[in-house]
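K.L.:
The structure is given below, and queries will be raised subsequently.
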Amino acid sequence: MVYFVYSAETASSNIATELKVLLQLEKSEDFNGLQHFSNDKIHMIGIEGRVIDADFLDKILDSTVIFLSRHSSNKGISAFTVHAEGNWSNDATLGGKPKELSVSSPSNMLNFLSAIKNMNTTDIGVTYEATHHGPLLNHPSFFVELGGNEDVIASKEHALFIAKATVKALDTDAAYDKIAVGIGGMHYPEKFTRLALEGKYAFAHIMSKYHVDCVDMIGNAFERSDRKPEIALIEWKSIKAIDRENILRELNVLGIDYAKV
């Protein structure tokens, strides 16, 4: 069972509109007071407000949740992105709860990343994002996003592309060698994305270099996944020596293997 969740925000709504047609989702009886579309295997739920605040879904959905959303970039960089949710630090201004991660779905996220990459004929980049923002869910979930600047966010053509890639992703079984937690690198983790698309790793959570001081969250990142990660992958040169020492000390305490990239 898969639940797609969308909001009235432009990119989210546009993707959902196209996906309803492609998947032949029919209007169904409201689901806990929410708009509901479905076929035999797939449900789509429309919510009010921001998807990053939708913690309440944890009480009413019982399977994998895929959020269709806009991607926002302070620099206006266009991108098609896939990422898990959660807050590494005490800052929960973008939904969720302080220092809590949602349950990720590494194989499903890789399926979407691969399908979008393989079908992409635009000059827009395809990337993981590091784990960030809400909502906080205890069922596997992740975001599929379109945007970066207002032209892309509002584009019905790009929304249709993401909808088509979503259909492909549902029938994709991307190969990988190991499930990993990524540590280090930028918010758009180029190395981790490349390694994933090469079939080497499926990532559960990715902690960017901006949060590597949150070493107490590493164990949580390994626990909050629908498939147990096997290794920590560290983007070595992006992290200061003192932070590397703290990370290795925590991994040793947890008994977790690691590799440098």
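Bear in mind that the values in this text are calculations on the coordinates, not laboratory data. Please read all numbers here as calculations on a predicted model, not as lab measurements. Counting neighbours? That spans all protein chains shown, and the Cβs are built from the backbone with ideal geometry, glycine included.
K.L.:
Counting other Cβ atoms within 10 Å, keep those with at most 15, restrict to DSSP loop, and tell me which GluC sites (Glu not before Pro) in region 47-129 are left.
P.N.:
Glu48
K.L.:
Looking at region 1-67, which trypsin sites (Lys or Arg not before Pro) are DSSP coil and have at most 12 other C-beta atoms within 10 Å of their C-beta?
P.N.:
The qualifying sites are Lys41.
K.L.:
Just list whichever of Lys20/Lys168; Lys117/Lys168; Lys59/Lys168; Lys75/Lys209; Lys240/Lys260 have alpha carbons separated by over 22 Å in the model shown.
P.N.:
Lys59/Lys168
K.L.:
How long are the three semi-axes of the equivalent ellipsoid of region 1-104, in whole Å, if each is the root of 5 times an eigenvalue of the C-alpha gyration tensor, listed from largest down?
P.N.:
Sorted largest first and rounded, they come to 24, 18, 12 Å.
K.L.:
While we're here: Which shape class applies to region 82-150: rounded if a/c is under 1.5, otherwise prolate when a/b exceeds b/c and oblate if not, where a ≥ b ≥ c are the square roots of the Cα gyration tensor eigenvalues? Please report the intermediate quantities before stating the final value.
P.N.:
Numbers: a/c = 3.14, a/b = 1.68, b/c = 1.87.
The shape class here is oblate.
K.L.:
Another one. Sum up the charges of everything whose Cβ sits under 12 Å from the Cβ of Glu145, counting Lys and Arg as +1 and Asp and Glu as -1, but leave Glu145 out.
P.N.:
Numbers: positive: Arg70; negative: Glu9, Glu85, Glu129.
It works out to a net charge of -2.
K.L.:
Follow-up. Take the Cα atoms of region 135-261, build their convex hull, and give its volume per residue in Å³. Show your work: numbers first, answer last.
P.N.:
Values: hull volume 16.7 nm³, N = 127.
Normalising the Cα hull of region 135-261 by residue number yields 131 Å³.
K.L.:
Calculated from DSSP H runs of 4 or more alone, at -39500 (n - 2.57) each and per residue, what is the 222 nm mean residue ellipticity of the chain, nearest 500?
P.N.:
After summing the helix terms and dividing by the residues of the chain, the value is -8500 deg cm²/dmol.
K.L.:
Let me ask something additional. Given points 7 Å out from each Cα along the Cα-Cβ axis, report the Lys178 to Lys164 separation in nanometres with one decimal.
P.N.:
Roughly 3.7 nm, to one decimal.
K.L.:
While we're here: What is the distance in Å between the Cα centres of region 31-87 and region 1-22?
P.N.:
Here the answer is 9 Å between Cα centres.
K.L.:
Using Cα springs under 10 Å in a Gaussian network model of the chain, which residue among Glu245, Glu198, Glu190 shows the largest mean-square fluctuation?
P.N.:
Glu245
K.L.:
If you don't mind, there's one more thing I want to ask. Rank by packing, highest mean first: peptides 233-243, 143-153, with packing defined as the count of other Cβ atoms within 10 Å averaged across residues.
P.N.:
Values: 233-243: 15.9, 143-153: 21.4.
In descending order of packing, they fall as 143-153, 233-243.
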